[in-house]
Structures are given as structure tokens and as C-alpha cells.
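For reference, the structure discussed in these notes is given below.
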Amino acid sequence: MDSALLVHRLHFAFTVTFHYLFPQLTMGIAPLIVVLKTLGLRHHDETYNQAARFWARIFGINFVLGVVTGIPMEFQFGTNWSHFSRFAGGVIGQTLAMEGMFAFFLESAFLGLFLYGEKRLTPRAHWWSAVAVFLGSWLSGYFIVATDAWMQNPVGYERASDGSVQLSSFWELMLNPWAWWQYAHNMSGAVVTGAFVMASVGAFYLLSGKHREHAQIFLRTGVWAGCIFSLLQLYPTGDGQGRMVAQRQPVTLAAMEALFTGQPGAPLVIIGQPDVEGRKIDNPLQVPKALSFLTYRRWQARVEGLDSFPERLWPQNIPLLYFSYHIMVGLGTVFIAIMLASAFLLWRGKLFDARWMLWILLLSLPFPYIANTAGWMTAELGRQPWLVYGLMLTADGYSKTVSAGNGMFTLLGFMGIYMVLGILFLFLVHREIEHGPAAEAASAH
């Protein structure tokens, strides 16, 4: 691989991975804030309102860091990926512009109202501001996912005389079947992150003997949301997304499963190490015929292997793709187990005193971030060697006049700046957790 291309890919991979640490939590806790506000409005209980305010402050910190780390990516389209921008800008410019003009402004305007306008709004109007923040964040997510989905499954375009692609059908772009499944899977993953973070903070407060009433609200909300959306990650969203990959990108599915030889009754690999040179899986633990059934709903269905495709069309880093996919699936399975066990203890009225489970919930906090990152790595590594699937190779999309040295210099600069931003984020969140959800009530007395 060309050294400049490698640097540009690493540059964008770093910025987008760091950036997505923040919006996955804002999109994940936005519906949970609406739940807290709804319960507060229904029960006329100020404790729920305090809980909603607390998480709105955490939302605000994530929102600001998400904006700061997200803006450079738009500039990278022009500086690092100018050939791609020239080729595909007539299509993806639509969704990116709509994300900024509609969803972002809706989310940011009503976030201001929610954070600072409660005393000037009626309780119902304040509830509506929370709903608007939720809708804005999820609408923003859809525009971004629709952009990526077009790169995975190009639709609604036509070739221009200069070789670029232009949008021919707005509704085909917006209703791309790939986007529906990818969006559903992505957003349920975001809620899993929000649920685990909320439950983890609640567990921390109970283990510390602080804010017990609020902590119980956090745990109830986080555990039930986590239970529901962890299951949704498996079915139907994960299943639907996997079958979409099998239909539209069969070589990607083969690489994700390290299926080097196509076969009827293909097995599902649970554990194993792909040996690309030897075209085999080392130390495999397999479920016979399960991949055929999951993909085509028939135990003897033939699943195409990597041997069915020219090697130049194989994803370029099969081991990394394979492990990213299996980390995502493995952690998703663990999340289901944790949340089902927590929900059972909650139903039995024993969760709040089960310190062993509270410790599990507390220590689980980073793993949804790892799973979401692994999921996006699976999607993007699986699309390779294409930048726009079937239309433009990644090697043709980067800026040829930006050298590897220039790219590495700015990458190191970004790493330094983002490290400072990461420390600032941890400091601000730590300060909010130390203040606690009852800080306003305590200061009033």
C-alpha cells in the first residue's frame, strides 16, 4: 500500500474513532432523558427531574466535545480525500449538509432550552424540549449513516460527463435499504452505551453510599433499556444487517467469518485465528451449518467463500476485520447476559444490594465503547478495497499532492490536541459525577 494512502487512512480512522466516542453517548442517553422527564412529569416527582438534569449536563459535555472533534473530519474530505470529494460530493454533500443545517441546529437549539430554560418554560414545554433534543440527535445520526450507507451500497446516482457521480433520486438516497438496517443497528448500539453508562454511574453511587434514590432510578432505567436494546442488537437489527451484507457484499461476509472456501452447510466460527496464507482457520470452535442457516435460513444453503472472488477484491486486512467482527459479536453476547441477569435481580428486588452485580455493571462501562468501535471497524474494513463500493477504489480517492510526511505531521498534531480534549472531557465528567444529581437540591437547603 502507498505510504501516503496508509497515513491518510490512519488519519481519518483516528479522528472518526475518537469523535464517535461522544455522539454514541449523546444519541444513547437522549431517549433515556426523555424517559426520566416523562416519569417526572407523570409522577410529579422532582427526583426524576433532578436525574434528567444531571444526564442533560453529561449530554452537554459530550455534545460540545462531539462538535469540536467532528468538524475537522469535514475538512479532511477536502484536504486528505479531495479526489473522493470531487467524485462523490454531488451525492454525499446532500446528506452532510442536511445533517448540519437541520438536525444539528435542532439538537443544539433545544439543548440550550433544555439546559437553561426550565424556569421559563412550563413543565410540559420543557418535556417537549427534551423530545426535540432526542429527535435532533437521532435525525443527525440518520443523515450520517445514510452517507456511509451510500458508500456501502450506492443508489440513486448517475454518472456526469466529468466522471463524477451526481444525485438522481433524493428518496433513493434517503431510503437506501442498507441505511435502514445500519441505522437501526447503530442506534440500538448507542442506546446500549447510554444504558450501560447510566447503570454504571448508578452502581457507583450505590457502592459509594451516595445519592441512593437517584442511583436506583439510574439503575432501573439503564438496566431495562440495556436489556431491551442489547436484545435488539442481536435480533432483528444485527440479523438484518448481516443478511444485507450477505446479499450486497458476499466477499465481505466471507472475510468477516474467514470462510476461505465456499460450501453448503457452512459453519459459524465462534473462536479461531485466521491464517490468510494457509487459507484456513487455526484452532477453530465452530457450530456446524449455523452460518448457512443464519444467512439464508436453510441449513444446507451454500455460502460463498473468499475463493469465489478475485483476491484483488478481498478486504485488505482480513485478520483485523475478522477479530473486529468477533469482538463486536462476543461483547454483544456478554451485554445480553449482564443485562438479563441485572433485570432478573431488579425484578426480584435484590439488585440494589447485590454488590457483586453492581461491580460488574460498574466495570462494564468501557466495553460498549469497544463494541461500537469494533462494529464500525467491521463496516469500514469490510468495504475495502472500495471507497464507494463498486465505483471507486480507496487507492483512487486520497489527495495525491499531500505527502505521507505532511499527513503524519498533522496526525501527530491531532493526537496531541485530542489527548488534551480527552483529559478535559474526563475532568468535566468527573466533576459532574462528584457534584451528583442532587447538588442543586442540597445547595437550596
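The values are calculated or read from the model by the stated rules, or taken from the named source; none is laboratory data. Everything numeric in this text was worked out from a predicted model, so none of it was measured. FYI the Cβ positions are ideal-geometry reconstructions off the backbone, even for glycines, and counts take in every protein chain you see. Protein only, heavy atoms only, side chains kept; ligands, DNA and RNA dropped before computing areas. Shrake-Rupley method; radii C 1.70, N 1.55, O 1.52, S 1.80 Å.
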Hey, can you tell me all the residues within region 339-389 that are under 20 Å from the mean Cα position of the chain (by Cα) and of a type in the set (Asp, Glu)?
380
Restricting the first residue to region 346-357 and requiring it to be at negative phi and among the aliphatic types (A, V, I, L, M), which pairs with a second residue that is assigned to a helix (DSSP H, G or I) and open to solvent by 60 Å² or more (accessible area, probe 1.4 Å) meet a Cβ separation below 8 Å and a spacing of at least six or different chains?
346/220; 346/224
Could you run through region 207-260 and say how many residues are of a type in the set (Gly, Ala, Ser), under 30 Å from residue 54 (Cα atoms) and not in a helix (DSSP H, G or I)?
1
Right, residue 83: open to solvent by 30 Å² or more (accessible area, probe 1.4 Å) and at positive phi or not?
no
Hits in region 207-235 - residues which are in contact (Cβ under 8 Å) with a residue 60 or more places away in the chain and among the polar types (S, T, N, Q)
216, 221, 230, 233
Report, ordered by the first and then the second residue, all pairs with beta carbons closer than 7 Å, sequence separation of six or more or different chains, a first member in region 312-333 that is within 19 Å of residue 238 (Cβ to Cβ) and open to solvent by less than 20 Å² (accessible area, probe 1.4 Å), and a second member that is in a helix (DSSP H, G or I) and not aliphatic (A, V, I, L, M).
321/378; 321/382; 324/378
Of all the helices (runs of 4 or more DSSP H) wholly in region 341-445, which have at least 1 residues that are under 30 Å from residue 3 (Cβ atoms) and touching a His at 6+ places or on another chain (Cβ under 8 Å)?
367-383, 404-435
Name the pairs whose Cβ atoms lie under 7 Å apart, with the first residue in region 292-311 and acidic (Asp, Glu), the second in a loop (DSSP other than H, G, I, E, B), and 6 or more positions between them or separate chains?
304/262; 307/260; 307/261; 307/262
Quick count over region 139-178, residues being farther than 27 Å from residue 246 by Cβ and either within 17 Å of the chain's Cα centre (by Cα) or not in a loop (DSSP other than H, G, I, E, B) (or both), is 7
Give me a count of the residues in region 264-294 that are closer than 19 Å to residue 243 by Cβ, surrounded by 14 or more Cβ atoms within 10 Å (Cβ to Cβ) and of a type in the set (A, V, I, L, M, F, W, C).
7
Close pairs (8 angstrom Cβ cut-off, 6 or more residues apart or separate chains): basic (Lys, Arg) in region 236-252, in a helix (DSSP H, G or I) and open to solvent by less than 30 Å² (accessible area, probe 1.4 Å) anywhere
243/295; 248/152; 248/178
Taking region 119-162 and keeping residues open to solvent by less than 10 Å² (accessible area, probe 1.4 Å) and in contact with a strand residue (DSSP E or B) (Cβ under 8 Å, 6 or more places away or on another chain) leaves 150, 156
Run down 395, 439, 404, 341 and say which single residue is farther than 30 Å from residue 91 by Cα, of a type in the set (A, V, I, L, M, F, W, C), at pLDDT below 95 and out of contact with any Gly (no Cβ under 6 Å at 6 or more places or on another chain).
439
Just to be sure, is residue 21 within 20 Å of residue 72 (Cα to Cα) and either assigned to a helix (DSSP H, G or I) or touching a His at 6+ places or on another chain (Cβ under 8 Å) (or both)?
no
Residues (over 21 Å from the mean Cα position of the chain (by Cα), among the small types (Gly, Ala, Ser) and assigned to a helix (DSSP H, G or I)) located in region 71-128
78, 82, 85, 88, 89, 90, 93, 109, 112, 125
Which numbered condition trips up residue 423, out of (1) in contact with a strand residue (DSSP E or B) (Cβ under 6 Å, 6 or more places away or on another chain); (2) surrounded by fewer than 19 Cβ atoms within 10 Å (Cβ to Cβ)?
(1)
Across region 168-215, the tally of residues that are open to solvent by 10 Å² or more (accessible area, probe 1.4 Å) and touching a His at 6+ places or on another chain (Cβ under 8 Å) stands at 0
Residues of region 100-118 being under 28 Å from residue 151 (Cα atoms) and open to solvent by 30 Å² or more (accessible area, probe 1.4 Å), which ones?
101, 102, 104, 105, 106, 108
Within region 236-251, can you find the residues that are closer than 18 Å to residue 385 by Cα, open to solvent by 10 Å² or more (accessible area, probe 1.4 Å) and touching a Gly at 6+ places or on another chain (Cβ under 8 Å)?
245
Please tell me if residue 43 is open to solvent by 60 Å² or more (accessible area, probe 1.4 Å) and within 28 Å of residue 152 (Cα to Cα).
no
Taking the condition part of a helix (DSSP H, G or I) and either over 27 Å from residue 227 (Cβ atoms) or not small (Gly, Ala, Ser) (or both), does residue 56 pass?
no
Go through (1) touching a Cys at 6+ places or on another chain (Cβ under 9 Å); (2) farther than 29 Å from residue 234 by Cβ and name the single condition residue 195 misses.
(2)
